[in-house]
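These notes concern the structure reproduced below.
The values are calculated or read from the model by the stated rules, or taken from the named source; none is laboratory data. Please read these numbers as outputs of a predicted model, since none were measured by experiment. Ideal geometry is used to build each Cβ from the backbone, glycine not excepted, and the neighbour counts take in all protein chains shown. With ligands, DNA and RNA removed, areas are computed over all heavy atoms of the protein, side chains included. Shrake-Rupley method; radii C 1.70, N 1.55, O 1.52, S 1.80 Å.
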Amino acid sequence: MSETDRRIAIFESQLKGAGLRMTQQRRLILRVLAEADDHPDAKGIFTRAFALDPTLSLSTVYRTMKVLESQGAIERHAFEDGISRYEHADQEHHDHLIDVDSGAVIEFSSDAIEELQRRIAAELGYELVRHRLELYGRKKPPARRSGRKAS
């Protein structure tokens with residue numbers, strides 16, 4: 001079974017568990033979501049699925065995403081731009097760097113950051129239960145050469 005098929009099966013199980021019928025449109029939404037390797041928002045999922053089935057409604061996408069989130073199958077991120085973006089909940093923990101110019105979301109992991117967060121929580125008398133780290137940045141322009149030739 002492929003990773004996409006495994007995720008679709010999990011998503012279907014979550015929707016059925018929440019009492020939703022598995023329609024062709026919902027299956028299409030689940031496939032688009034399972035195949036996503038970025039952090040699409042509901043409109044992005046709708047656009048991808050609508051290209052394959054123009055009878056799909058945006059409200060069906062929103063309802064489906066809401067149920068998947070409530071069931072813990074996906075995670076919703078509300079980055080600084082205010083748009084809710086989604087990713088699969090079955091991934092290993094990671095943090096995000098958001099490019100403020102392009103909106104690109106870059107996933108990264110750092111053992112040093114994880115240890116620092118645990119240490120800070122412990123120093124304050126807490127055991128870390130969960131956390132989310134979002135960094136916002138702008139790509140640095142390439143370093144300029146001086147243009148002078150060595151004599």
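Structural remarks
- Test for Glu127: is it in a helix (DSSP H, G or I) and without any contact (Cβ under 8 Å) to a residue 12 or more places away in the chain: no
- No other residue among Leu58, Leu52, Leu97 is open to solvent by 20 Å² or more (accessible area, probe 1.4 Å) and within 19 Å of Thr4 (Cα to Cα) apart from Leu52.
- Residue that is surrounded by the fewest Cβ atoms within 10 Å (Cβ to Cβ), among those in the range 61-80 that are among the hydrophobic types (A, V, I, L, M, F, W, C) and part of a strand (DSSP E or B): Ala78
- Under the condition of being open to solvent by 60 Å² or more (accessible area, probe 1.4 Å) and not in a loop (DSSP other than H, G, I, E, B), the residues counted in the range 100-111 number 3.
- Flag for Leu20 being surrounded by 12 or more Cβ atoms within 10 Å (Cβ to Cβ), in a strand (DSSP E or B) and touching a residue at least 40 places away in the same chain (Cβ under 8 Å): no
- Residue in the range 40-47 that is open to solvent by 40 Å² or more (accessible area, probe 1.4 Å), among the hydroxyl-bearing types (Ser, Thr, Tyr), without any contact (Cβ under 8 Å) to a residue 12 or more places away in the chain and out of contact with any His (no Cβ under 8 Å at 6 or more places or on another chain) present: yes
- Subset of the range 1-17 (residues that are open to solvent by less than 70 Å² (accessible area, probe 1.4 Å) and not in a helix (DSSP H, G or I)): Ser2
One line per residue, one yes/no per condition, for (1) free of Cβ contacts under 8 Å to residues at least 60 places away in the same chain; (2) within 30 Å of Ile8 (Cβ to Cβ); (3) part of a helix (DSSP H, G or I); (4) among the polar types (S, T, N, Q):
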site	(1), (2), (3), (4)
Leu56	yes, yes, no, no
Gly82	yes, yes, no, no
Ile113	yes, no, yes, no
Gln117	yes, no, yes, yes
Ala121	yes, no, yes, no
Ala143	yes, no, no, no
